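What follows is a set of notes on a single structure, which appears directly below.
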Amino acid sequence: MIEEIITSGRMNPEIDPLLHIWGWEISLYLYIGGLVAGILFFSALLVLLNKEDKFTFSVKMLPLSAPVLLGIGLLALFLDLSHKLYFWRLYTIIRLNSPMSWGAWTLMAIFPLSVLWCCIWLKDNFTTFKWPYTWLDALFETGKKYRKLIAWMLVGLSLILGMYTGILLSAFNARPFWNTSILGPLFLVSGLSTGAAAIILFSKNRQERRLFSKVDMALIGVELFFIIHLFMGFLAGVRVHIQAAELFLGGPYTAPFWIFVVSLGLILPALLEFLELKQFKIPHVIPAVMVLFGGLLLRIIVVSAGQASRWLY
Amino acid sequence: MRYAMAIDTKKCVGCSDCVVACQLENDVPEGYCRDWIVEITTGTYPDLQTEIRSERCNHCANAPCVRCCPTGASHFEDGGIVLVQPNECIGCKACIAACPYDARYVHPDGYVDKCTFCLHRVKKGQQPACVAVCPTKCLYFGDIDDPRSKISLLLKKRKWKTLIPEAGTDPKIYYLI
Amino acid sequence: MLKAFGSANITAPSYAQCRGPREVAFIGTFGEGVLSPERTDIRDTRCLVLIGSHLGENMHNGQVQEMSDAIDKGATIITVDPRFSTAAGKSKYWLPIKPATDMALLLAWIHVLIYENRYNRSFVEKHTYGFDELKAHVASYTPEWAYGITTIKPDLIRKTAYEMAGAAPATIVHPGRHVTWYGDDTQRLRAVAILNALLGSWGQRGGFYNPDKVHIPHFKSPKYPKPKHTWREAFPGKYKLADMALASGICDATIPSIERDCSLKAWIVNGTNLLSTLPDKKKTIEAIQSLELLVVIDTMPMEITGYADVVLPECTYLERYDMLRSSPHREPSIALRMPAAEPLYDSKPDWWIAKELGIKLGLEKYFQYDNIEEVLDWQLKQLGSSLDEMKKIGVKKFPREFDDLYMDLNEDFEFNTNTGKIELYATSFDDEGYDPLPVYKEHEQPPEGYYRLIYGRAPMHTFSRTTNNPNLSELMDENTLWVNPKVAKTWDLKNDQYIWLENQDGVSSPNSIKVRITERIRWDSVYMVHGFGHTDRRLSRAFKRGVADSDFITRVHVDPVMGGTGMRGNFVTFLFNAPSVGKGGKA
């Protein structure tokens, strides 16, 4: 028997007995980051592929939600900060070593760009809309002319944003469950998948929905592949990584993860999307909502499980 | 100059004087602590072994908390002491997540707080509070860059280990075993 | 004040509930006690033998510091304890003895030293009396015999005896401190004293040094009256070797009895929570109820204050002057305690309480001073210091009167015993009708389903006095019940589960205790830290936290030699539901 106890009664709030510094705020922030990355990525990508008039919803309409969502995400992040009045300190320095710094600056860049992107398409979306000032109109018309350039920037930034949501966690060597480089790609793909699901959910264009059903199925396939890799990597790792994997293989996270995230959040919606493509009558809302919900739950579980996994010494 | 601490586990009895000394010296809020005692027992009765350790921030040379801090609030002072500058800290808690030793906590005032090696005392030429009060004299604080310091000599003479060396943090708290 | 009033019934539980047996045993052997602080030269020892003594958890500061020094110098530590204590964790040899069989081990060690010729022959021949009687006495006490009783392998008994002999005379078989266990404690400590004598460690570097202390002059006052009655009247013909009053004896002397024409009528209890300190709570309460007046002087609301007719709030040691401290040590020294802060509320220092009470009682002539500073300054000036100087330095050392920290072995030495020698065979015990050589006596073992209750200390707390301190309660705010994993499995106990306890007499405690499953305790015993389970609601941090071991100490094995209260003969079993008053809901 090995008995390892702290005998001086340490009970630091949020640290003992189990680390619990991050709750729903960070999960939501990471989820929204991924979702926005997905939305902007597809919008910009379709522009680069010259499909902007074919898939108007995903290119022009859905990105309108991006600044709003980003606002909610940043609000969630802000709520999590415990020394809120010093928030501005984030923007007095760029620290390349710190994923948190990267994220803050990426958001700083992508937020105005997403606003610009929305404004470019505002007149296309609402034909009666008119800018109150001519210089604004001229500005966004110019912007539209350079939309490919902006789209390139958006593709790059949204990939960084989607990746960052995973890297933020994976950079923590101290938490074995997070400390795997596959978390970045996994969160990126999951973010893109939720972006595609958002398009499926709200688009009125059947062709657009079918396209993104296919895209989503492919993304889910990649995601499942990454998840399997995640656990294979852990199980082939050192003891603390094996223990981290065991949290999901018989441990407390087993049921929520494999039932709600993997089965109901990935496999089943992919199956439903497949059946729908095969002309079965399935309301497109169902798989889309399942994917969106599964994505959120994935963040919640990963954020929580990482804090439950630790080095033993 | 590189400050470090060596803790003789053969002598430590886990009395927790170091914990109370730290709390009083540094006005640590009630319910919090910057140092603590761990007891590990291995084996089966009657073949048993225990190790008692007074633990605190390891003031790592490769500190993950300093690396992940987005504002630079967590930083290295002269002598390698890892410190948090409260008015630069935004309370994102990334450093807490990054520390494999769980040595940090959020102070009730919002910023992240931890062991400072009692820098304010060290600057005056005094020992950190925990070292000063230890009744078994099992804590040694000093400069490991100085080959003639007591701690350097001890680390040369005795067998020692650090905690979680495999995490690659290069900790500067040495446990004499 | 009490002496001026004419009472000699002044006592502390540190004698009959703690270190009394060892003083009597050592006086009976060496003609001198171990004293407090102990004269053990731990700093320079090469082999330290701890028997049920948990230095390190028992934070007796001087001894712990010296043990640490000894570890630094590479001393061997041998620990005898059914529990893997902190000290055991630092020992080269740990002897996980079956509780209540220590005497067998000691006798076997004596046997090995004598029959394998490992004792200090020249020391024994020159300075001791009764070796031949001892040799004959221990002939049958072989390690093989002891193995059957103690469960310690003969090989280990021999090896540790050789280790002690190899380091001698710098070997300390430590007499321990809280040694009132099974009722034959004085005899057990006699065996310890004999071992030390055989090793020749008395008066030697690394063994037992000769302490010296400063004699503080008595402030001028008239001679105290001679008391008419003392506590001893409660024990005609008993405990004759007790050299101090028994705290528990005071209880007996209070409860009226037809055999006595006089009982104690009033107590003044100063800073000791008798209800958790004394065993046999029922008797203590009976005694309190027989009193006409109970005055309690304390800094905190303790259980005892609830029984008091009058409570006199005392300020803490940081807020007052006390009388000068002069303890026997290597170098004589005096120490001053002075206030670091003004007293809070209406609390007063004890010297003030004593003086004011004295004046009220018409004893002014004994209190011819305005305040304590005057007394201290006068005393210090007599010693060649002053209050002003002591305020600056705190502690002052004095040269020894005689340069005899260690005994010169070549010189003849007259010990303060009947024979003038170290008495392996204790003639004083013989005279009073007690065994002159220690005899092994079997003690009761726990019945099926019960476990011996062992209690001890945690380094962060001073008995029950500090469990309400904000900083210290943060370190440890409740005690836990140490249970061996095998026992836990039998009872299906889980870590951190709360359970209730009931002892062999059906006595239970309303408080529950948290289970700690650990390999560090023997399967026939359970262990808890003393000082918890307070029942006074005003102790906001300690109220109802953990369990008081004294609740279960209802069976007391009284030492016939000096009246020590043996408290380790109580057994408890586990209850899974809170016991209802009257009948326990036994699991």
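Coordinate-derived values only; no laboratory data. Please read all numbers here as calculations on a predicted model, not as lab measurements. All Cβ positions, even for glycine, are placed from backbone atoms using ideal geometry, and neighbour counts span all protein chains on display.
Any idea what diffusion coefficient chain A gets from Stokes-Einstein, in µm²/s, Kirkwood Rh on alpha carbon pairs, 20 °C, 1.002 mPa s?
Reported coefficient: 103 µm²/s.
At a Förster radius of 41 Å, what calculated FRET efficiency corresponds to the Cβ-Cβ distance of B:Glu166 and A:Val289, to the nearest 0.05?
Once the sixth-power term is evaluated, E becomes 0.40.
Please report, to one decimal in angstroms, the Kirkwood hydrodynamic radius of the protein assembly as shown built from all distinct Cα-Cα pairs.
One over the average 1/r among Cα pairs gives 34.0 Å for the protein assembly as shown.
First check a/c for region C:125-192, with a ≥ b ≥ c the square roots of the eigenvalues of its C-alpha gyration tensor; if it is under 1.5, answer rounded, and if not, answer prolate when a/b is larger than b/c or oblate otherwise.
rounded
C:Lys73: net charge of surrounding residues, Cβ under 15 Å, Lys/Arg +1, Asp/Glu -1, itself excluded?
Net local charge, C:Lys73 excluded: +4.
Choose one of A:Leu219, A:Leu30, A:Leu46: the residue whose Cα lies farthest towards the positive end of the charge dipole of region A:24-308 (beta-carbon charges +1 Lys, Arg; -1 Asp, Glu; about the Cα centre).
A:Leu46
Taking the DSSP beta bridges in the protein assembly as shown as the whole, what percent of them are antiparallel, to the nearest 5?
55
Could you tell me which residue out of A:Ser158, A:Thr127, C:Tyr317 lies farthest along the dipole of the protein assembly as shown toward its positive end? Charges go on the beta carbon: Lys and Arg +1, Asp and Glu -1, centred on the Cα centre.
Value: A:Thr127.
Could you tell me the center-to-center distance, by alpha carbons, between region A:250-313 and region C:327-364 in angstrom?
73
Could you grab the Rg to Rh ratio for region C:377-519? Cα atoms only, Kirkwood for Rh.
Using only Cα positions, Rg/Rh for region C:377-519 is 1.17.
From the phi angles alone, apply the Karplus equation (6.51, -1.76, 1.60; θ = phi - 60°) to region C:170-184 and give each ³J(HN,Hα) in whole Hz, x where the residue is Gly or Pro.
7, 10, 10, 8, 5, x, x, 10, 7, 10, 8, 10, 10, x, 10
Below 8 Å between Cα atoms, with a sequence gap of 6+, how large is the relative contact order for chain C in percent?
19
Using 7 Å Cα-to-Cβ label points, what is the C:Ile359/A:Lys204 separation (nm, one decimal)?
Calculated label separation equals 9.9 nm.
Any chance you could get the radius of gyration and Dmax over the Cα atoms of region C:451-575, in Å?
In order Rg, Dmax, the Cα atoms of region C:451-575 give 14.6, 43 Å.
Can you tell me the order of C:282-290, A:290-298, A:267-275, A:37-45 when each peptide is scored by its average per-residue count of other Cβ atoms within 10 angstrom, highest first?
The densest-packed peptide leads the list: A:37-45, A:290-298, A:267-275, C:282-290.
Per residue, how big is the convex hull of chain C when only Cα atoms are used? Give it in Å³.
Taking only Cα atoms, chain C has a hull volume of 164 Å³ per residue.
Which residue, chosen from C:Thr86, C:Leu106, C:Phe131, occupies the Cα position most advanced towards the positive end of the dipole of region C:70-132, where the dipole is computed from +1 (Lys, Arg) and -1 (Asp, Glu) charges on Cβ about the Cα centre?
C:Thr86
Calculate the mean, over all residues of peptide C:82-92, of how many other protein chain Cβ atoms lie within 10 angstrom of the residue's Cβ.
Mean partner shielding for this stretch: 4.
Can you list which of the DSSP-assigned H helices in chain A have a Cα extent of 30 Å or more along the long axis and an average Kyte-Doolittle score of at least -0.5?
What comes out of the filter, once short or polar helices are dropped, is A:24-48, A:99-125, A:147-170, A:206-235, A:285-308.
I need to check one value: relative contact order of region B:85-160, counting alpha carbon pairs closer than 8 Å and at least 6 residues apart, in percent.
Relative CO of region B:85-160 lands at 15 percent.
Beta carbons within 10 angstrom, averaged per residue: use that to sort the peptides C:253-263, C:100-110, B:3-13, A:198-208, highest first.
With the highest mean Cβ count within 10 Å placed first, the list reads C:100-110, B:3-13, A:198-208, C:253-263.
Given a cut-off of under 8 Å on Cα pairs at least six residues apart, what relative contact order in percent is computed for region A:24-308?
Rounded, it is 23 percent for region A:24-308.
Run the numbers for C:Glu286 and C:Glu116: contour at 0.36 nm per residue of separation, minus the present Cα-Cα distance, in nm.
Full-extension gain reported as 55.9 nm.
Once you place label points 7 Å from the Cα toward the Cβ at C:Glu442 and C:Asp309, how far apart are they in nm?
5.0
Taking 2.2 N^0.38 Å as the expected size of a compact globular protein, what ratio does the Cα radius of gyration of chain B give against it, to two decimals?
This ratio for chain B stands at 1.02.
Give the average, rounded to an integer, of partner chain Cβ atoms located within 10 angstrom of each Cβ in A:170-181.
Taking the mean over all residues of the peptide, I get 4.
Return the calculated 222 nm mean residue ellipticity for the protein assembly as shown, to the nearest 500 deg cm²/dmol, obtained by summing -39500 (n - 2.57) across DSSP H runs with n ≥ 4 and dividing by the residue count.
Counting only the DSSP helices, I get -11500 deg cm²/dmol.
If you find the alpha carbon centre of region C:492-530 and of region A:103-164, how far apart are they in angstrom?
Here the two parts' Cα centres lie 69 Å apart.
Ranking C:Leu198, A:Leu159 by Cβ neighbours within 10 Å, fewest first, what do you get?
A:Leu159, C:Leu198
Going by how many other beta carbons lie within 10 Å of each one, how would you line up C:Glu414, C:Glu32, fewest first?
Result, fewest neighbours first: C:Glu414, C:Glu32.
Given charges of +1 on the Cβ of Lys and Arg and -1 on the Cβ of Asp and Glu, with all other atoms neutral, how large is the dipole of chain A about its Cα centre, in debye to the nearest 20?
About 920 debye.
Would you please state which residues of region C:258-285 a label at C:Phe463 would reach in this model, taking the label point 7 Å out along Cα→Cβ and a backbone N cut-off of under 18 Å?
Under cut-off, by backbone N: C:267-285.
Calculate the length of the line joining the C-alpha centroid of region A:189-206 to that of region C:130-207, in whole Å.
83
Given Cβ point charges of +1 (Lys, Arg) and -1 (Asp, Glu) and nothing else, what value in debye, to the nearest 20, does the dipole of region B:3-176 about its Cα centre take?
660
Only helices at least 18 Å long along their own axis, judged from Cα atoms, and with Kyte-Doolittle mean hydropathy of 0.5 or greater: name those in chain C from DSSP H.
The answer, listed by residue number, is C:102-115, C:185-199.
Using R₀ = 41 Å, calculate the FRET efficiency as 1/(1 + (r/R₀)^6) where r is the Cβ-Cβ separation of C:Ala12 and C:Tyr162; round to 0.05.
Efficiency for this residue pair is about 0.55.
Under 16 Å from a point 7 Å along the Cα-to-Cβ line of C:Asp505: which residues of region C:219-251 have their amide N that close?
C:248-249, C:251
C:Phe5 versus A:Leu49, label points 7 Å from Cα toward the beta carbon: distance in nm?
So the label points at C:Phe5 and A:Leu49 sit 9.9 nm apart.
Take C:His111, C:His329, A:His229, C:His218 and order them by how many other Cβ atoms sit within 10 Å, fewest up front.
Least crowded to most crowded, the residues run C:His218, A:His229, C:His329, C:His111.
Based on Cβ point charges of +1 for Lys and Arg and -1 for Asp and Glu, what charge dipole magnitude is obtained for the protein assembly as shown about its Cα centre, in debye rounded to the nearest 20?
In total the dipole reaches around 3620 debye.
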